[in-house]
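One structure below.
FYI, it's all coordinate maths here, none of it is from the lab. Remember, it's a predicted structure, so these values are computed and weren't measured experimentally. When we count neighbours, we look across all protein chains shown, and the Cβ atoms used for this are built from the backbone with ideal geometry, even at glycine.
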Amino acid sequence: MKNWTKVLAALAIVGMVSFSTVRAEDPKPATPKPAKADKAAKGLRGKVVKIDGTNLVVTTGKKGQETEKTIATDDKTVVTIEGKDGKLADLKAGQVVRITPDTGTATKIEVPMPKAKKDAK
């Protein structure tokens with residue numbers, strides 16, 4: 001019985017030492033957690049108020065706290081309306097738009113596809 005105890009104790013010690021040695025030699029690389037998408041990555045969301053030359057005026061913010069913002073555009077700004085190519089002049093007042101980036105000259109303006117409404121039964 002004493003021999004079995006010595007053998008099990010020796011195996012336990014060898015197992016712990018080899019495990020800690022393996023962990024020390026091959027640590028997991030520190031991978032950062034995926035950060036929540038910040039506002040800059042999402043862009044600016046709002047409703048079209050008007051088009052003023054090459055500028056787009058939109059309202060942003062929560063109901064009751066809306067603010068108007070003027071977004072500059074140029075000839076490199078890509079406009080997509082419900083998945084199809086468009087022009088700045090094709091945008092209409094009241095349309096919901098997503099503008100990237102949220103500051104400076106817009107590189108991309110998107111009008112998303114309307115969400116399908118569920119049928120009431």
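A few points about this structure:
- If only the Cβ of Lys and Arg carry +1 and only the Cβ of Asp and Glu carry -1, the dipole of segment 39-111 around its Cα centre is close to 340 debye.
- Over 25 Å between alpha carbons, listed pairs 84/117; 42/76; 76/117; 69/108; 69/92; 84/115: 76/117
- Here, segment 39-111 yields an orientationally averaged convex hull projection of 4.5 nm² when only Cα atoms define the hull.
- Linear extension gain, residue 117 paired with residue 70, 0.36 nm per residue minus alpha-carbon span: 13.8 nm
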